[in-house]
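A short write-up of the structure that comes next.
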Amino acid sequence: DAGVIQSPRHEVTEMGQEVTLRCKPISGHNSLFWYRQTMMRGLELLIYFNNNVPIDDSGMPEDRFSAKMPNASFSTLKIQPSEPRDSAVYFCASSLRTVNTEAFFGQGTRLTVV
Amino acid sequence: AQSVTQLDSQVPVFEEAPVELRCNYSSSVSVYLFWYVQYPNQGLQLLLKYLSGSTLVKGINGFEAEFNKSQTSFHLRKPSVHISDTAEYFCAVILTGTASKLTFGTGTRLQVTL
């Protein structure tokens with residue numbers, strides 16, 4: 001398996017623009033997580049899904065952020081409109097929920113909002 | 001509520017010296033514990049995990065950790081470090097019986113020098 005695949009790896013956008021980050025989890029995994037990593041706040045869990053259903057989105061910073069998982073092999077995290085303070089590395093991770101096992105992480109998307 | 005505390009933000013160490021990275025957690029229920037490593041511009045990679053059984057857990061790259069329930073600790077150790085171990089190390093916890101929601105500590109930067 002190729003692991004968790006995120007795209008794009010890097011994104012530079014202007015303030016006010018819409019940004020969409022994409023994630024393909026490991027085949028067969030049924031939990032998916034979106035994390036944000038910044039120097040100031042470390043790794044923050046934004047939202048996670050079990051069997052494509054959002055379970056906990058309490059980490060989503062505000063209404064500008066939204067996440068979807070239309071099927072077991074794809075998820076998106078959207079920011080609209082983007083702001084400079086959204087600049088961070090966004091990680092997607094997946095795991096197999098039958099046992100509380102570890103999450104496998106993608107390489108991340110480095111987002112810069114100018 | 002659960003939380004993870006990594007007491008040291010940075011740990012400098014000479015090559016071939018031993019190292020211990022500290023992690024403490026707080027939880028009113030049983031937990032699963034993990035250590036992840038993040039190399040520059042990479043995603044997180046699992047080093048080792050404690051789910052149950054023996055409290056001494058061995059992981060990849062010669063690392064090990066010991067679960068101490070009475071002290072609510074899960075410190076990471078390596079008897080002899082290499083330059084290539086320079087990275088950010090994250091301790092993480094999942095509450096047993098819940099969805100696989102990983103909560104991370106703030107990370108410890110291990111800097112190995114000659």
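The values are calculated or read from the model by the stated rules, or taken from the named source; none is laboratory data. In this text, all values refer to a predicted model and were calculated from it rather than measured experimentally. Heads up, the Cβs are rebuilt from the backbone with ideal geometry, glycines too, and the neighbour counts pull from every protein chain shown. All accessible areas refer to the heavy atoms of the entire protein, side chains included, with ligands and DNA or RNA removed. Shrake-Rupley method; radii C 1.70, N 1.55, O 1.52, S 1.80 Å.
Table: residues versus (1) buried (at least 21 other Cβ atoms within 10 Å of the Cβ); (2) within 13 Å of chain A (Cβ to nearest Cβ); (3) in contact (Cβ under 8 Å) with a residue 24 or more places away in the chain; (4) farther than 27 Å from A:S31 by Cα.
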| position | (1), (2), (3), (4) |
| --- | --- |
| B:V4 | yes, yes, yes, no |
| B:V11 | no, no, yes, yes |
| B:E16 | no, no, yes, yes |
| B:Y36 | yes, yes, yes, no |
| B:K49 | no, yes, no, no |
| B:L56 | no, no, no, yes |
| B:I60 | no, yes, no, no |
| B:L102 | yes, yes, yes, no |
| B:Q111 | no, no, yes, yes |
Practice prompt. Determine, yes or no, whether A:D63 is without any contact (Cβ under 8 Å) to a residue 40 or more places away in the chain, over 12 Å from the mean Cα position of the chain (by Cα) and under 19 Å from B:L102 (Cα atoms).
Written response: no
Item to complete: May I ask you to list the residues in the range B:18-34 that are of a type outside the set (S, T, N, Q), within 13 Å of the chain's Cα centre (by Cα) and open to solvent by less than 50 Å² (accessible area, probe 1.4 Å)?
Response: B:V19, B:L21, B:C23, B:Y25, B:Y32, B:L33, B:F34
Item to complete: Determine, yes or no, whether B:V81 is within 14 Å of chain A (Cβ to nearest Cβ), at negative phi and outside any strand (DSSP E or B).
Response: no
Worksheet item: How many residues does the range A:70-88 hold that are open to solvent by less than 20 Å² (accessible area, probe 1.4 Å) and either of a type in the set (G, A, S) or within 14 Å of chain B (Cβ to nearest Cβ) (or both)?
Response: 3
Item to complete: Those residues that are outside any loop (DSSP other than H, G, I, E, B), touching a strand residue (DSSP E or B) at 6+ places or on another chain (Cβ under 7 Å) and either under 13 Å from B:Y25 (Cα atoms) or touching a residue at least 60 places away in the same chain (Cβ under 8 Å) (or both), I need them from the range B:67-78; list them, please.
Response: B:F67, B:S73, B:F74, B:H75, B:K78
